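Written below as structure tokens is the structure these notes are about.
Values in this text are rule-based calculations from the coordinates and carry no lab data. Everything numeric here is computed off the predicted structure, so don't read it as measured data. Here the Cβ is made from the backbone with ideal geometry for all residues, glycine too, and neighbour counts use every protein chain on show.
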Amino acid sequence: MSDAGAKPPNIPREGEHAIPRNPSPNPKEHNTPEQDTKRTVQSNIIRACASMVKEYQRDEISKPVAVSRIGTQLSRGDAGLSVMQANTALMAYLDMLANHDREQEQRERGTREAPKGGEPGGEQGSDRNQGTIEKSRAESPTGDEPSAKRSKLDTNSFPWSQFDEELSVGLVLELQESLKLLQIYTADIKGTKLHLVNSVGVPEFLDSEWNNILLSRAVNLDRVFTGHYATSADKPQSESVGELEIRFKPASPAKCITASGGWVLSWNKASAATAYAFPHHRTKLAAYGDYIVSLFGVLAVPLHHCLLEFDRAVRKCIGSCRDLLLTDCIRFADLKIQFLDSTGANVYNTQENRAGGARSGAHRQKEACKHWNTGNCPSLASECQYKHICSSCSTGSHTKLQCTKAQNGPA
């Protein structure tokens, strides 16, 4: 199969230009030396990029190396390319690399299928079976693509499968409905999300947090809070370069919830999005929101940060289990003690740290100020954390430099 036959429209073939050309000049006008130089540079770049594509097709360099070198060529300052022109050219060359990968995969598929005596004609039989093969590549819940060689999972062989059916029967109707929807959503999480965000009634919500909702995981309310004040679109956490996917670690939220108002704002957005994907949970979501708001009302403001941590812990627990509802407060009694009660581990540790800081501050106030003893302390005695006393005799009438005891030394 030739390279040219597999290339989609608008993708430059060998000998064609991937770099957009400027409009042809008036034949009556002469090119300036700068224009001639620019055209020469662009021609050299085209040849260099085409050479890298051929090197990749011959397996002489890896795909990341080819992409890096092509990008370096297109970003040369002397080429005179705009950002849009460089990006257009880069995508064209990336499609060339991707076309080669597809052809290579089809050839390998034909080789594997031929000995099985399926369809005559080698590659044609492989093409007809391509739909079935592609179906086996359905994405996992994490968004990763399994290998094409991976066969369908035999879930009956899992040790936990024998208990699933009998345990699910005892679940409340809301949880049974959630399990059914999760099986549908996780079969193709990317396709599910694409269909959801393009539906007419979809609520406004942070793009990066939709996956957590569709997978029934805890939503990061700090990110939702940050997104409420953002003026630009939510950036994806991965970028596809041809068939190469580059993933980025999610950036830390620029804003964090520190008060009840921020929590209520973020929770209303998150609960509306969750109810859109799991409508049978709408009542439970509203009840949990009322429960947390009531706790904000009875807790002292300095302890609101403890309630925010309690909420995170509860939702994390819910996202890790499939037999809990947000309103199962009795199941979270241990978390409430840990984060809200005065004897809880988190509250007690916070009090200990504050007491330790107070003790260390009191200890500092008993020490002599080294800067004052050398005549360099910028603070008054009433403002300095350390005492303005002689570090040798502890007298406040003179510094160590003036102390006769320090000069004479010990008797």
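Below is a table of values for the structure above.
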| item | result |
| --- | --- |
| Theoretical gain in end-to-end length, Arg39 to Thr72 [0.36 nm per residue, Cα-Cα removed] | 10.1 nm |
| Most to least packed among 155-161, 262-268 [average Cβ atoms within 10 Å] | 262-268, 155-161 |
| Fully extended contour minus Cα-Cα distance, from Asp207 to Ala259, at 0.36 nm per residue | 16.3 nm |
| Extension reserve of the Thr404-Ala333 stretch, reckoned as 0.36 nm per residue once the Cα distance is removed | 18.9 nm |
| Ser62 versus Ser199: modelled label distance in nm, points set 7 Å from Cα along the beta carbon direction | 4.1 nm |
| Mean Cβ neighbour count within 10 Å, used as a protection proxy, ranking 61-71, 375-385 highest first | 61-71, 375-385 |
